[in-house]
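Below: the structure, in structure tokens.
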Amino acid sequence: MITKYTCSNGVRIVQEKIPTVRSVAIGIWINTGSRHEDKMNNGISHFLEHMLFKGTKTRSAKEIAESFDRIGGHVNAFTSKEYTCYYAKVLDNHAAYALEILADMFFNSTFDPIELEKEKNVVYEEIKMYEDTPDDIVHDLVTRATYGDYSLAYPILGTKERLETFTSETLHQYMKENYTPDKIVISIAGNVDELFIKEVEKYFHTYEGASRKLDVTTPTFHRETIIRQKDTEQSHLCMAFPGLPVGDKDIYSLVTLNNILGGSMSSHLFQKVREQRGLAYSVFSYHSSYEDTGSLTVYAGTGNEQLEELCETIQETLETLKAEGITSKELENSREQLKGNLMLGLESTNGRMSRNGKNELLLGSHRSLDEIVESIDAVSEASVNDMISRTFTDEFATALVSPSGENPMSQA
């Protein structure tokens with residue numbers, strides 16, 4: 001059962017008690033990410049995430065790491081397009097200690113100038129590592145091809161040039177403006193009782209921060225092609241089609257479609273591209289949902305000499321799906337796979353903490369597993385086939401990273 005509590009300053013706490021485990025996962029979720037940046041501070045959300053691990057008024061960076069190692073726990077963080085999360089997983093008897101350290105990082109990080117310069121170099125190396133991974137780059141490029149100059153297309157890591165401009169003052173100011181109580185959700189899942197909510201409230205209910213209303217407008221879908229020539233062994237291709245935002249009434253039909261298209265080993269893309277024609281080792285599709293938009297993306301990597309055949313095969317697969325629709329067997333298999341993935345993903349306290357945190361942050365509501373299963377079972381052949389015709393039009397974006405830098409795909 002999920003318990004929800006709102007502090008007097010607006011910080012929300014969601015807690016799910018799971019008495020059958022011996023662990024607790026705690027996450028601080030902030031509704032800010034690269035989407036909420038501008039061209040002058042792109043990358044600051046991710047850099048700020050790094051800096052919260054680099055020392056507080058009472059703990060050095062090493063002492064923060066040692067604090068979790070000492071209790072056999074884990075601490076980490078990540079930044080996405082729309083949110084940032086700091087989280088820890090520990091044994092249940094160490095939950096209060098873990099919470100205290102996370103709160104110390106959140107409220108008392110010093111952003112020491114020496115540590116700041118060292119961490120800039122760490123992020124530079126992260127960007128270089130990313131640039132050396134073409135099957136990562138192509139996903140950033142297709143997002144830019146999809147959303148153009150809109151901030152949703154900004155890279156989460158930012159750029160070296162922007163990072164050089166960040167100072168302790170800019171980080172403190174960004175945190176003051178964006179880490180405000182109304183944007184914070186504390187999510188806890190594991191073997192804790194209701195009194196733990198009061199423990200969370202003790203740290204988070206007194207701080208203040210004025211909400212800064214951001215001018216966030218819904219982006220339009222672009223039909224662009226971005227190609228990057230890079231000396232690689234493979235060509236990496238992404239095609240993105242219009243999708244749905246988080247919480248859309250038709251989201252389960254689209255999730256089912258994505259699963260049938262390229263979300264499993266029995267999917268159309270895997271069977272056609274890899275099993276039948278042997279054109280790729282990695283081929284799949286995925287759906288990205290944001291607060292007000294979304295996209296469905298197809299990815300595959302192949303040798304440059306096979307790129308044209310790969311493009312033709314993907315397009316053939318989509319055309320066949322549009323012409324013939326899905327079968328009742330595919331629908332049933334996909335339903336069961338989605339329900340299985342849902343249940344298995346919630347077997348860990350981390351999985352439940354993440355689900356509850358994101359739901360509260362982006363939707364402000366929580367559906368039971370039975371309600372979700374009902375929604376999956378309600379998906380019909382007709383609703384998926386309707387989604388196919390809505391999704392796979394000529395309005396798609398393309399990104400390619402290849403050694404030749406030539407575009408084998410023509411869009412009519």
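The values are calculated or read from the model by the stated rules, or taken from the named source; none is laboratory data. Here the structure is a predicted model, which is why all the values come from computation and not from measurement. In this analysis, Cβ positions are derived from the backbone assuming ideal geometry, glycine residues included, and neighbour counts consider all displayed protein chains. What goes into the accessible areas is simple: the full protein's heavy atoms, side chains included, and nothing from ligands, DNA or RNA. Shrake-Rupley method; radii C 1.70, N 1.55, O 1.52, S 1.80 Å.
Among the residues of the stretch 272-289 satisfying the criterion of being under 15 Å from P134 (Cβ atoms) and of a type in the set (S, T, Y), which is least open to solvent (accessible area, probe 1.4 Å)?
Only one residue tops the list, namely S282.
Here are the criteria: (1) more than 23 Å from the chain's Cα centre (by Cα); (2) in a helix (DSSP H, G or I); (3) of a type outside the set (F, W, Y); (4) exposed (fewer than 15 other Cβ atoms within 10 Å of the Cβ). Tell me which single one D193 does not satisfy.
Here D193 clears every test but (2).
Using the structure shown, decide if V185 is more than 23 Å from L91 (Cβ to Cβ) and not charged (D, E, K, R).
In short, yes.
When you check T133 against the structure, is it among the β-branched types (V, I, T) and open to solvent by 50 Å² or more (accessible area, probe 1.4 Å), yes or no?
no
If a residue has to be part of a helix (DSSP H, G or I) and crowded, with 17+ Cβ neighbours inside 10 Å to count, how many in the stretch 68-91 make the cut?
Total satisfying the criteria: 1.
What pairs can you find where one residue is in the stretch 157-185 and over 12 Å from L48 (Cα atoms), the other is open to solvent by less than 60 Å² (accessible area, probe 1.4 Å) and among the acidic types (D, E), and their Cβ atoms are less than 6 Å apart, with a gap of 6+ or different chains?
Close Cβ pairs (under 6 Å, with a partner that is open to solvent by less than 60 Å² (accessible area, probe 1.4 Å) and among the acidic types (D, E)) amount to V185/E360.
Can you tell which of T349, T317, T313, T391 is within 16 Å of I251 (Cβ to Cβ), modelled with pLDDT of 95 or more and surrounded by 16 or more Cβ atoms within 10 Å (Cβ to Cβ)?
The conditions single out T391.
Tell me, which residue of the stretch 290-310 that is open to solvent by 40 Å² or more (accessible area, probe 1.4 Å) and closer than 22 Å to S151 by Cα is farthest from the chain's Cα centre (by Cα)?
The extreme case among them is D292.
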